[in-house]
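Any read-out appearing in this document is the output of simple, stated calculations on the displayed coordinates, not a laboratory observation. All values reported here derive from a predicted model rather than from experimental measurement. Quick reminder, even Gly has a Cβ in these numbers, built from the backbone with ideal geometry, and neighbours come from all protein chains shown.
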Amino acid sequence: MVLSLVVKASDLRRFAAIDRIGRDEAGALRGFQRPQIAGHIREIRDYLESDDAILPNPIVVAFTSGLLVDVDPSGGSVCKLKIDISRGAPGLVVDGQQRMSALLEMDKDFEVFVSAVVCGDEAELRRQFVLINNTRPLPKSLIYELLPGVEKLPSRFSGRAFAAELTARLNYDPRSSLKGKIHQHTNPGGIISDSAIQRVIMNSLSDGMMRDFLKRDDPETAAERCLELISDFYAAVARVFPEAWAGRHTPKTSRLVHGAGIVAMGYVMEVLALLDGARRPEDFAHGLGCLVERTAWTSGEWDFGGGDVRHWKAIQNVNRDIVLLAHYLIAIVRADLRARRAAAAEPRLAANA
């Protein structure tokens, strides 16, 4: 049910609140709105304080409780609303938080349009937020972080929802080697892009080990195996390349924690898991050893062959550079795998001779 009404800003603040996205100590998601944008709010406020200002776009407020609707018995389109504010504001702003913030900073008691959406529960409220805001210029990373808690979305979101949920678990699960390292709206101090980790997961879901896990195991077991795989791999990455991974490195100072490095190494993870049977950190570390002194994560140059030599900072987070870096790393790893297999076969050949 959707209801339209006109209210004063002073009344709006009494029944509508802005629930900002965050996580509790256990890592559970709460809220959904992005942080305030001070510059945007200031521009809206300055405009609304002008004499000829209008605000035609409604503020969308969702209710799961606290709203009573008395429908006109004659069957008309007018109804009476009763909002219970005895326990605080029951409505949550789904769209228009910056406008509302600007209104609340003004001395002028502006009248605004409000669209009241009646939702059955919290899950329905989150679904409406995602669907309404997916056509607006909200950060995609915020949309993706919310996806795991939303049901009945278009099918194109299903794989992304799994990737977003696994990324969040990697960032908050105490067993994860990536705990606290992934930059999300709920963890702005992280240094590794959440979209880069999600891309590693999406690639694996499309044509890699994670796809096989989901085919062979029940969903809960498969999710655990996916978490262990990526956590153990990047634990090995941290062990093999400590100077490029740890410390105060950011994507600007180390291409290993840069989006291009994270995604390219994700392809290396697939090769080692598939061809070398790597599962534990020590297995991955053994397979990554051949890359030592053949990378330029923080200094030097990348020699991609054929005269293609680039400064270490020249690698950018674009598809052509990611593919180039991945092919370079995978070629070294595959050559090392072949050499190890040949060396292992030589004693058997000598014995047979």
Using the Kirkwood formula over every pair of different C-alpha atoms, what hydrodynamic radius in Å results for the range 139-353? 18.1 Å
Residues meeting the amide H criterion for D95 (H placed from the backbone, H to H distance under 5 Å, 5 or more places apart or on another chain) are V60
Roughly speaking, what is the stretch gain from E220 to V2, that is 0.36 nm per residue apart minus the C-alpha to C-alpha distance, in nm to one decimal? 74.8 nm
Restricting the calculation to Cα positions, tell me the Rg (one decimal) and the Dmax (whole number) of the range 241-353 in Å. 15.9, 56
Lysine pairs in the range 139-353 with Cα atoms under 20 Å, if 8 or more residues apart or on separate chains: 4
Under the Karplus relation 6.51 cos²θ - 1.76 cosθ + 1.60, θ = phi - 60°, what is the ordered set of whole-Hz ³J(HN,Hα) values for the range 280-290, x standing for Gly and Pro? 8, x, 5, 5, 5, 4, 4, x, 7, x, 5
Grab the Cα-Cα distance for E293 and R280, subtract it from 0.36 nm times how many residues apart they are, and report the gain in nm with one decimal. 2.4 nm
Taking a straight Cα-to-Cα line shorter than 12 Å from K82, and setting aside same-chain aspartates and glutamates fewer than 8 residues away, one finds D70
Residue-span extension gain [E105 to I54] - 0.36 nm each, minus C-alpha spacing: 16.7 nm
Work out the FRET efficiency for R320 and R248 from their Cβ-Cβ distance, taking R0 = 41 Å, and round it to the nearest 0.05. 0.90
